[in-house]
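Let me begin by presenting the structure, written as structure tokens, before commenting on it.
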Amino acid sequence: MKTLKYFLIISVIFINSVSFAQDAQEIIKKVQSKYENITDAKATFTQTLKSSGGKANSSSGVIYIKKADKYRIEAGGQIIITDGKTSWSYSPRRKQVVIDTYKDDGNSFSPNKFLFNYPENFYSDLDGEENVGGVDCYIIKLTPRSSGSVKSAKLWVDKNEDLIRKINIVTNESSNTYSLKDISLDTGLSSSKFSFTPPAGVEVIDLR
């Protein structure tokens, strides 16, 4: 009888695990379908960055995204831009811009990958439900398939609109949480939004 009891318990756990995995895959398919034909997007956001030492800093800003691998983030007095080949990090206060080659190692963070698309190279599981800013969301837990800068992540997916409303990304150095509001899709963003020419008098640090 004990053997039968343990078998039944294990069977229930296994069935629930399979069901949760299937649910996660269905949610992911809906998100992918939602964004498949989207050309660009814009949203306001709040960001909370907590370092490994425990200190948390919050900021807010605007993010612009255009396929493929183009994004622009304006927050905390800093502007970060990439056209998919080159990236610029500009600080008007410091009058300094750092230029580098855009890099994507598969597990690294990029807004396109996490905020307006479903990231590849990650295992996914349904991790519950939560209300985010008055919006009912599914929570999807992400685990990298291979080692990289991102150790784990969670996505909060709008139940009704299949939009990603929140994300938490954990690395060895920090935990970073983005919450999105006022999401606008296919606004006709110009490609010039995703390139940068340093103004006169700005220090240029070129790492390419």
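The values are calculated or read from the model by the stated rules, or taken from the named source; none is laboratory data. What you are looking at is a predicted structure, and each value in this text was computed from that prediction instead of being measured. Neighbour counts run over all protein chains shown; Cβ positions are idealised from the backbone, glycine included.
Residues in the stretch 163-177 that are assigned to a loop (DSSP other than H, G, I, E, B) and surrounded by fewer than 20 Cβ atoms within 10 Å (Cβ to Cβ): T171, N172, E173.
Sub-6 Å Cβ pairs linking a first residue in the stretch 130-156 that is among the basic types (K, R) and exposed (fewer than 14 other Cβ atoms within 10 Å of the Cβ) to a second residue that is outside any strand (DSSP E or B) and at pLDDT below 90, at least 6 apart or interchain, are R145/N121, ordered by first then second residue.
Going by the conditions given, is S87 over 24 Å from K166 (Cβ atoms), modelled with pLDDT of 90 or more and buried (at least 19 other Cβ atoms within 10 Å of the Cβ)? Yes: the conditions hold for S87. Looking across the stretch 129-162, just one residue is touching a Cys at 6+ places or on another chain (Cβ under 9 Å) and part of a loop (DSSP other than H, G, I, E, B), and that is K159.
Looking at I99, I63 in this structure, which one is farther than 25 Å from K141 by Cα, surrounded by 12 or more Cβ atoms within 10 Å (Cβ to Cβ) and out of contact with any Cys (no Cβ under 8 Å at 6 or more places or on another chain)? Among I99, I63, only I99 is farther than 25 Å from K141 by Cα, surrounded by 12 or more Cβ atoms within 10 Å (Cβ to Cβ) and out of contact with any Cys (no Cβ under 8 Å at 6 or more places or on another chain). Out of all the residues in the stretch 82-96, is one or more among the small types (G, A, S) and out of contact with any strand residue (DSSP E or B) (no Cβ under 8 Å at 6 or more places or on another chain)? No.
Checking each residue in the stretch 188-203 for being at pLDDT below 95 and either surrounded by fewer than 12 Cβ atoms within 10 Å (Cβ to Cβ) or in contact with a Cys (Cβ under 7 Å, 6 or more places away or on another chain) (or both) picks out G188, S190, S191, S192, T197, P199, A200, G201. Candidates are the residues of the stretch 178-198 that are in a loop (DSSP other than H, G, I, E, B) and free of Cβ contacts under 8 Å to residues at least 12 places away in the same chain; the one that is farthest from R72 (Cα to Cα) is T197. Against the conditions (1) modelled with pLDDT under 90; (2) under 26 Å from D182 (Cβ atoms); (3) among the charged types (D, E, K, R), D104 satisfies every one except (2).
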